[in-house]
1. Over the heavy atoms of K391, what accessible area does a 1.4 Å probe trace out, to the nearest 10 Å²?
2. Mean residue ellipticity at 222 nm from the helices of the chain, using -39,500 (n - 2.57) per DSSP H segment of n ≥ 4 over the full residue count, to the nearest 500 deg cm²/dmol?
3. Aspartates and glutamates within cross-link reach of K234: Cα-Cα under 14 Å, excluding same-chain residues under 8 positions apart?
4. From the residues S375, A127, M79, which one has its Cα farthest along the dipole of the chain in the positive direction, the dipole being from +1 and -1 charges on Cβ of Lys/Arg and Asp/Glu about the Cα centre?
5. For the range 270-341, state which trypsin sites (Lys or Arg not before Pro) are in a DSSP loop and have at most 14 other beta carbons lying within 10 Å of their beta carbon.
6. Can you grab the distance from the C-alpha centre of the range 313-352 to the C-alpha centre of the range 356-390, Å, no decimals?
7. Leaving ligands, DNA and RNA out of it, work out the accessible area of W316 with a 1.4 Å probe and give it in Å² to the nearest 10.
8. Pairing the Cα long axis of helix 350-359 with the longest principal axis of the chain, what angle in degrees results, from 0 to 90 and rounded to the nearest 10?
Amino acid sequence: MSNYKTETKCIQSGYEPGNGEARVLPIYQSTTFRYTSSEQMGRLFDLEESGYFYTRLQNPTNDAVAAKICDLEGGVAAMLTSSGQAANFYAIMNIVEAGDHIVCASALYGGTYNLYAHTIKKMGVEATFVDPECTQEELDAAFQENTKAVFGETIANPALVVLDLEKFANAAHAHGVPFIVDNTFATPINCRPFEWGADIVTHSTTKYMDGHAACVGGAIVDSGNFDWETHKEKFPGLTTPDETYHGIVYTEKFGKGAYITKATAQLMRDLGSIQSPQNAFLLNIGLETLHLRVPRHCENAVKVAEYLKNHEKVAWVRCPSLPGDKYYDLAQKYMPNGTCGVITFGLKGGRDAAVEMMDRLKMVAIVTHVADARSCVLHPASHTHRQMNDKELVEAGVQPDLIRFSVGIENIEDIIADVEQALR
């Protein structure tokens, strides 16, 4: 981890060119890497030596960008994946096996909810979902003997629930398991979950990190703080010999790098959800302006929320950075400089009015995306969360009339003018 300030890390971390080398991070658009010694290639395959031999496992462009995200979050090791969904899948499956159990905050992105509630269930891993506002006693009651991790989102998509990171971290550690946090909406510009007890952080880099809706991607960052050896009976994949690599024990051989090394050497090897070097290059360009864009997103979002709050046709507004919001106090604790550029609201005319209003927008687009430079809207109950039943929608904090508004970095007067004409 560098000693640079956050703004400098966005630009300088991850890649340091040598004398006469490219100033801009190169795209290593190659599947393979040449070696003159068969013995050296063998050592790479045995994890006895670090290096590159096949892009499905590692690539210099990807590693440089992962190192930048790692530095921004304050971790010890990181990896890129092909999407945020892949990152959340790998983050859990790296430490669970069939017959295991995880605890999740129920306010989650719809795709993540489906992943943990249904898809990994078919693989033999059960999930218990708890209300983010549950008491400590209720949270403790969700744990089982076979619980292996706790998962939540810093700011839930689209419910905008601000998770009490310390409460969930303390519960996870009291039961000897890591706390995994999806920090996509807040980004490390506004929140660094490791400072509040999180052990592993994931990102959909598709969102603010890329910032231009140009490339899909994900990332996993390990803090290096969770002691797998202390709870070795819970995590045999990390603490007992891996016969596919001649019996190496990840925690013994790689120390604080054990978790990411295993995720790369096993999961990426076998499942192959690698981010392309081209996408990693584009992601890096986005990261270089992250510290400039995020404050503008947050500033514009608050102004739009204030406008909507005072509009006669608006029934309710949620913006954690707005005084009076249900999660304002938690937001001030964990993200005092701002939360994100996403707000939600509902109209007095209900679901039908929400759909009609969205259809009348001109500059603000209806897209299946969030958190890029352009303002956009979505009706989650009809789109991203339409696979959920009514009970699941309520648990995820998604009302039928909820409009998710990702406020961009255009001129605020133009954004509000478009919303105003649509409401009128």
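The values are calculated or read from the model by the stated rules, or taken from the named source; none is laboratory data. As the structure is a computational prediction, the values presented were derived from the model and not from experiment. Glycine gets a Cβ as well: all are built from the backbone with ideal geometry, and neighbour counts include every protein chain shown. In case anyone asks, the SASA skips ligands and DNA or RNA and just uses the protein heavy atoms, side chains included. Shrake-Rupley method; radii C 1.70, N 1.55, O 1.52, S 1.80 Å.
1. Ignoring ligands and nucleic acids, K391 comes out at about 140 Å².
2. Working: 17 runs with 144 residues, N = 424.
Rounded to the nearest 500, the figure is -9500 deg cm²/dmol.
3. Within reach: E97, D100, E145.
4. Final value for the positive-end residue is S375.
5. Hits after loop and neighbour filter: K313, K326.
6. Result: 17 Å between the Cα centres.
7. Rounded to the nearest 10, that gives 60 Å².
8. Compared with the principal axis, the helix lies near 80 degrees.
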